[in-house]
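One structure is given below, encoded as structure tokens.
The values are calculated or read from the model by the stated rules, or taken from the named source; none is laboratory data. All values reported here derive from a predicted model rather than from experimental measurement. Note that each Cβ is placed from the backbone with ideal geometry, even for glycine, and that neighbours are counted across all protein chains shown.
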């Protein structure tokens with residue numbers, strides 16, 4: 001019997017990554033579209049990744065008792081006071097896309113240290129009587145130009161320290177092993193295994 005999990009997202013790329021990591025362990029991963037769930041626009045006005053993930057999870061809790069995971073992630077550039085951070089997706093949208101956002105950030109980074117990190121907080125609800133948090137952090141730097149054709153979002157411009165390659169030049173297997181979301185999901189998976197929900 002598979003453990004069933006609902007992900008608070010309509011992002012097909014994100015859903016694919018989550019399925020690749022969790023599905024081999026007798027976990028069935030559903031997106032909201034799979035179950036015809038539409039909770040409308042959720043206002044993510046939290047002050048942390050955890051708060052934003054929890055806002056999404058609680059919105060879904062209103063319509064289902066299924067175990068739910070929600071995540072929030074962001075790219076933090078140290079020399080720019082962790083910009084764009086919590087507002088990574090919004091910043092890209094305001095700039096007209098992730099590549100346009102990179103051009104803006106690249107200009108701001110002229111002459112500055114390019115150290116950066118990707119952050120991801122995953123919240124699990126409807127399993128215990130309190131939300132559970134799983135965090136992934138990946139140190140790296142901002143490249144001088146986009147590199148690679150896989151991935152999505154800021155992947156072409158983020159070079160992870162562990163492999164010294166941009167996210168967008170990694171295979172799916174490599175990215176799932178070293179990415180911020182991959183690291184957070186591995187912690188979630190460990191919890192699910194220990195508690196008998198996964199194998």
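Hey, does region 78-86 have a residue that's surrounded by fewer than 18 Cβ atoms within 10 Å (Cβ to Cβ), at pLDDT 95 or above and within 26 Å of residue 194 (Cβ to Cβ)?
no
In region 61-90, what count of residues is obtained for those that are under 16 Å from residue 142 (Cα atoms) and assigned to a helix (DSSP H, G or I)?
Qualifying residue count, region 61-90: 5.
Has region 116-126 got any residue that is surrounded by fewer than 18 Cβ atoms within 10 Å (Cβ to Cβ) and closer than 23 Å to residue 190 by Cβ?
Within region 116-126, one or more residues are surrounded by fewer than 18 Cβ atoms within 10 Å (Cβ to Cβ) and closer than 23 Å to residue 190 by Cβ.
Can you confirm whether region 157-164 contains a residue that is in a strand (DSSP E or B), in contact with a helix residue (DSSP H, G or I) (Cβ under 6 Å, 6 or more places away or on another chain) and either at pLDDT 95 or above or buried (at least 20 other Cβ atoms within 10 Å of the Cβ) (or both)?
Checked against the condition, which is being in a strand (DSSP E or B), in contact with a helix residue (DSSP H, G or I) (Cβ under 6 Å, 6 or more places away or on another chain) and either at pLDDT 95 or above or buried (at least 20 other Cβ atoms within 10 Å of the Cβ) (or both), region 157-164 yields at least one hit.
Of everything in region 1-11, what is outside any strand (DSSP E or B) and either closer than 13 Å to residue 193 by Cα or more than 13 Å from the chain's Cα centre (by Cα) (or both)? Give them in sequence order.
Those that are outside any strand (DSSP E or B) and either closer than 13 Å to residue 193 by Cα or more than 13 Å from the chain's Cα centre (by Cα) (or both): 1, 2.
Which residues, taken from region 12-29, are in contact (Cβ under 8 Å) with a residue 60 or more places away in the chain, surrounded by 15 or more Cβ atoms within 10 Å (Cβ to Cβ) and not in a helix (DSSP H, G or I)?
Matches in region 12-29: 27 only.
Does region 178-199 hold any residues that are in contact with a helix residue (DSSP H, G or I) (Cβ under 9 Å, 6 or more places away or on another chain) and more than 22 Å from residue 85 (Cα to Cα), and which are they?
Once the filter is applied, which keeps residues that are in contact with a helix residue (DSSP H, G or I) (Cβ under 9 Å, 6 or more places away or on another chain) and more than 22 Å from residue 85 (Cα to Cα), region 178-199 yields 186, 188, 189, 192, 193, 197, 198, 199.
Filtering region 99-115 down to residues that are under 16 Å from residue 140 (Cβ atoms) and in a helix (DSSP H, G or I), which residue is nearest to the chain's Cα centre (by Cα)?
102
If you scan region 7-31, which residues turn out to be touching a strand residue (DSSP E or B) at 6+ places or on another chain (Cβ under 7 Å) and farther than 16 Å from residue 121 by Cα?
Passing the criteria: 10, 19, 22, 23, 26, 27, 28, 29, 30, 31.
Which of the residues belonging to region 30-49 are in contact with a helix residue (DSSP H, G or I) (Cβ under 8 Å, 6 or more places away or on another chain) and surrounded by 12 or more Cβ atoms within 10 Å (Cβ to Cβ)?
Passing the criteria: 31, 32, 37, 39, 42, 44, 46, 48, 49.
Residue 82 - would you say it is over 19 Å from residue 188 (Cβ atoms) and out of contact with any helix residue (DSSP H, G or I) (no Cβ under 6 Å at 6 or more places or on another chain)?
Considered against the rule, which asks whether it is over 19 Å from residue 188 (Cβ atoms) and out of contact with any helix residue (DSSP H, G or I) (no Cβ under 6 Å at 6 or more places or on another chain), residue 82 comes out as yes.
Filter region 135-150 for residues that are in contact with a strand residue (DSSP E or B) (Cβ under 8 Å, 6 or more places away or on another chain), in a loop (DSSP other than H, G, I, E, B) and either surrounded by 20 or more Cβ atoms within 10 Å (Cβ to Cβ) or free of Cβ contacts under 8 Å to residues at least 40 places away in the same chain (or both) and give the result.
Listed by number, the residues that qualify are 143, 147, 148.
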